[in-house]
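I have placed the structure first, in the form of structure tokens, so that the comments after it can refer back to it.
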Amino acid sequence: MTQQELAKLHNLATDIRIGALTCVHSASSGHPGGSLSIADLLAYLYFRELRIDPKNPRDPDRDRLVLSKGHTCPALYAALAYRGYFDPKLLNTFRHVDSILQGHPDMKHIPGVDMSAGSLGQGVSAACGMALAAKIDHKDYRVYAIMGDGEQEEGEVWEAAMFAAHHKLNNLCVIVDFNGLQIDGKITEVLNPTPLDEKYRAFGFNVISINGHDFQEMERAFAAAKESDKPTMILAKCVKGKGVSFMEDRYEWHGTAPNDEQYTAAVRELNDARM
Amino acid sequence: MKLKKVYELGQKIATREAYGNALKEFGAEYPLVVLDADLSKSTKTSVFQKEFPDRHFNCGIAESNMIAVAAGLAAAGKIPFASSFAMFAAGRAFEQVRNSVGYPHLNVKIGATHAGITVGEDGATHQCNEDLALMRVIPGMTVINPSDAAEARAAVLAAIRHDGPCYLRFGRLAVPVIHDEDDYEFVLGRGETLCESENDQVTIVATGIMVEPALAAQKLLVSEGVSARVVNIHTIKPLDEELIARAARETGAIVTAEEHSVIGGLGSAVAEAVCACRPVPVLRVGVQDTFGCSGPAKELLSVFGLDADAIVQKALAAIRLK
């Protein structure tokens, strides 16, 4: 990737971060920490990786992305808006009555959302179903699912992992946002799901660990995932609240909306860091 | 729609058998994908598996994942049938059905077998008397409870042709075929009046395997000088409210009969409809507010008051309340 391409992705991720904060601020409700955490991953996926066409959001041959950690949909909505699925002005209606932008992803009403999700553990199972459908139909589309690290405490995640490996869904790539925090505190203190790499390897996955804010590592990981004969799990080390200094690595920002002053300061800091 | 005859009138066969046969019968024409949770020989999806091994997937003993996998298959254009015992399909995986199937209104069909107390010897942990209540409360869910093999077969086809989530309830116990397929048309959401006259004093509204004892009760009531109407409600949701309202209006008393808790199932649905249009006495035959127990299925039916005699007693009581 050239420096120019890297800068472009960084600035798109900044758009996504500001868009996500705009959602949460406009609603005075939502999940900023985990949204900022996955903004770089979403920028890479939606602007470089996924085979998609915003003009044809239901194309049967498209790649799919399921946001299994659905509470961080402010970042997903911002990515979809800036990718051209809908007007970014809608981000200001997040969680408002009559808005299409529901508090958790809603595939029925939001263009580009491939699966309704939010109840943790279920999205990854649905992604398995989509990957299985591709295998049945001999289609080459790929399915991506983004999960949280706290989400790994859900038993269904491991049911899905067994299923994916057993049915050889190598067209499935799950990404775990490994930021180490969940609502009640550190994942290692709430109910420790680690070591995730060893567990997924034991479940039959191709496991790749990356820095979830490094686009070049993403490029290598997603390319390697396509070469695997197993389903892939990308363990993305991320920083919750990434890009906004007073939110970084603080679980208190899991589900708290910024006030006007905090929102303005956050947007200024993000804009100042543009390339 | 009418189907070419497969089942003989009076033939004893469990609705789960008809389910497996129907999957195989319609699997050639429709892009069905069948999921099971390590119970394929019991749910009879193994019949489909034998014919279409490439479209049958075992999910192992992991029903929650199975239901959400079915949601993903439906989102990708398939018509998935996900099967397990009613206890696990509707019970354990309730929230997956609600959030991953119901909320996005995906085209998932849940084929739940071993419903009700006629599971028999396995006892209370496996006897699901709550599934109709659980599924009925999910917005947009179609809930079907066939009374015999002929109806089960037609219900599977109707579910395939219906675009949206469906819950189909099947039983383990062999029950007589009461519909003549040469002269039977299954219409989703439409109740079936099995016998009526102008002088009916009470209507027995039955579902599933209780339709046959309802017909027997009607004959017993004749010998008591009572004329009863018998209505078969195979589609619990959407309920044929018009037919129920007409029964309330014309006969003035209703008895419901189901192999399910008296809370939340057919009895509740009928009572809700009757209250809203023409309040008349509604008495409910079903499993009272209690768990089941082990025993041979047929014995359990009489132990739990799920037979023609119980329906007769409730019918007479309902008439007295008029």
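A:His138 satisfies every condition listed in (1) within 14 Å of chain B (Cβ to nearest Cβ); (2) more than 18 Å from the chain's Cα centre (by Cα); (3) touching a residue at least 12 places away in the same chain (Cβ under 8 Å) except (3). With respect to the conditions (1) closer than 30 Å to B:Ala124 by Cα; (2) in contact with a strand residue (DSSP E or B) (Cβ under 7 Å, 6 or more places away or on another chain); (3) not assigned by TED's automatic domain parsing to the domain that holds B:Ile79; (4) not aliphatic (A, V, I, L, M), B:Gly264 lacks only one, and its number is (2).
Hey, can you tell me all the residues within segment B:41-82 that are hydroxyl-bearing (Ser, Thr, Tyr) and either at the interface with chain A (Cβ under 9 Å from one of its Cβ atoms) or over 22 Å from A:Asp137 (Cβ atoms) (or both)?
Taking segment B:41-82 as the starting set, the residues that turn out to be hydroxyl-bearing (Ser, Thr, Tyr) are B:42-43, B:45-46, B:64.
Listed by number, the residues that qualify are B:Ser42, B:Thr43, B:Ser46, B:Ser64.
Number of residues in segment B:278-322 that are free of Cβ contacts under 8 Å to residues at least 40 places away in the same chain, more than 20 Å from B:Lys219 (Cα to Cα) and surrounded by fewer than 15 Cβ atoms within 10 Å (Cβ to Cβ) equals 6. Selection of segment A:109-133 for residues being more than 7 Å from every other protein chain (Cβ to nearest Cβ), modelled with pLDDT of 95 or more and either surrounded by fewer than 24 Cβ atoms within 10 Å (Cβ to Cβ) or assigned to a helix (DSSP H, G or I) (or both) yields A:His109, A:Ile110, A:Pro111, A:Gly112, A:Leu120, A:Gly123, A:Val124, A:Ala131.
Restricting attention to segment A:52-62, which residues are touching a helix residue (DSSP H, G or I) at 6+ places or on another chain (Cβ under 8 Å) and over 15 Å from A:Met107 (Cα atoms)?
Once the filter is applied, which keeps residues that are touching a helix residue (DSSP H, G or I) at 6+ places or on another chain (Cβ under 8 Å) and over 15 Å from A:Met107 (Cα atoms), segment A:52-62 yields only A:Ile52.
Filter segment A:227-247 down to residues that are more than 15 Å from the chain's Cα centre (by Cα) and touching a residue at least 60 places away in the same chain (Cβ under 8 Å) and give me whichever is surrounded by the most Cβ atoms within 10 Å (Cβ to Cβ).
A:Pro231
Here A:Asn170 meets each of (1) over 15 Å from the mean Cα position of the chain (by Cα); (2) more than 26 Å from B:Ala62 (Cα to Cα); (3) more than 10 Å from chain B (Cβ to nearest Cβ) with one exception, condition (2). Restricting attention to segment A:184-226 and to residues that are assigned to a helix (DSSP H, G or I) and β-branched (Val, Ile, Thr), the residue that is surrounded by the fewest Cβ atoms within 10 Å (Cβ to Cβ) turns out to be A:Thr188.
Considering each residue of segment B:1-20 in turn, none proves to be surrounded by 24 or more Cβ atoms within 10 Å (Cβ to Cβ), more than 30 Å from B:Val287 (Cβ to Cβ) and not acidic (Asp, Glu).
The values are calculated or read from the model by the stated rules, or taken from the named source; none is laboratory data. Only a predicted model underlies this, so the values are computations on that prediction, with no experimental measurement involved. Note that we place each Cβ from the backbone using ideal geometry, even for glycine, and neighbour counts take in every protein chain shown.
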